[in-house]
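In what follows, a single structure is set out as structure tokens and then discussed.
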């Protein structure tokens, strides 16, 4: 599962990094500001590149709203958790099926948080791709799905998959990880001509092989009424337990 993310880079830096693989600019309507922690359960905005407009970075509320719930999104969110979608079953689930076919997106991040369990206690770990040139680490992209709401805004979900060897150690109870795409497959994921077998194949082969690192951070991340969108929340609290 992936219920908390970070995106700390300024707009210009995001556009510059992405344009090595895909030509995009921020939508003029985007309200994006860099953040250290976005809790999915607040249904704040992720930044996505949707199939319908692959040259724009758009805002999308976190938690996809399927077509059959568009009449009352808030009621749907109270009953259903669509922050993540298991990649293995997106064509089997009513909440994701239509979007999986023709509303796929790239979701931007430069970090995310996963729980590590030890002695019955969960400790949040900050996960990122280290970089020799970027203090915030490298930008990366989750495979995602989106849908349009009746007011023409967007909602989105992050795809997850079975954990690799590294994330089995980090997310050692759930043993899942977000599906982070290799940059080579960005344009393929947005291709509106893919068949269902081709989408499934892309999810199987398109996962990045670039290494991640992770370290434990403050348990404030799990506390209600604490503003964790602050620089301290990504700082390691136990350097001897780094992965």
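Read-outs throughout are calculated quantities, based only on the coordinates presented, and are distinct from any laboratory measurement. All of these numbers come straight from a predicted model, not from anything done at the bench. Because the Cβ atoms are built from the backbone with ideal geometry, glycine has one as well, and the counts that use them run over all protein chains shown.
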Task: Protection proxy ranking, peptides 50-56, 28-34, average beta carbon neighbours within 10 Å, highest first - done: 50-56, 28-34
Open item on the list: Counting C-alpha atoms alone, how compact is the stretch 55-151: give Rg to one decimal and Dmax as a whole number, in angstrom.
Closed with: 16.3, 48
- [ ] Could you calculate the FRET efficiency of residue 204 with residue 22 from 1/(1 + (r/R0)^6), where r is the beta carbon distance between them and R0 is 22 Å, rounded to 0.05?
- [x] 0.55
TODO: May I ask you to list the residues of the stretch 106-150 whose amide nitrogen lies under 16 Å from a point 7 Å from Cα along the Cα→beta-carbon direction of residue 56?
DONE: 106, 146-150
- [ ] Using 0.36 nm per residue of separation minus the Cα-Cα distance, give me the extension gain between residue 225 and residue 153 in nm, one decimal.
- [x] 23.2 nm
Task: Over the chain: helical MRE at 222 nm, DSSP H runs n ≥ 4 each giving -39500 (n - 2.57), nearest 500 - done: -4000 deg cm²/dmol
Task: Taking all pairs of distinct alpha-carbon atoms in the stretch 1-124, Kirkwood radius in angstrom - done: 16.0
TODO: At 20 °C and 1.002 mPa s, grab the translational diffusion coefficient of the stretch 114-241 from Stokes-Einstein with a Kirkwood Rh over Cα pairs, rounded to a whole number in µm² per second.
DONE: 127
- [ ] Note down the Stokes-Einstein diffusion coefficient of the stretch 1-50 in µm²/s, whole number, using a Kirkwood radius over alpha carbon pairs, 37 °C, and 0.692 mPa s.
- [x] 273
Open item on the list: For a protection proxy built on the mean count of beta-carbon atoms within 10 angstrom, sort 83-92, 186-195 highest first, please.
Closed with: 83-92, 186-195
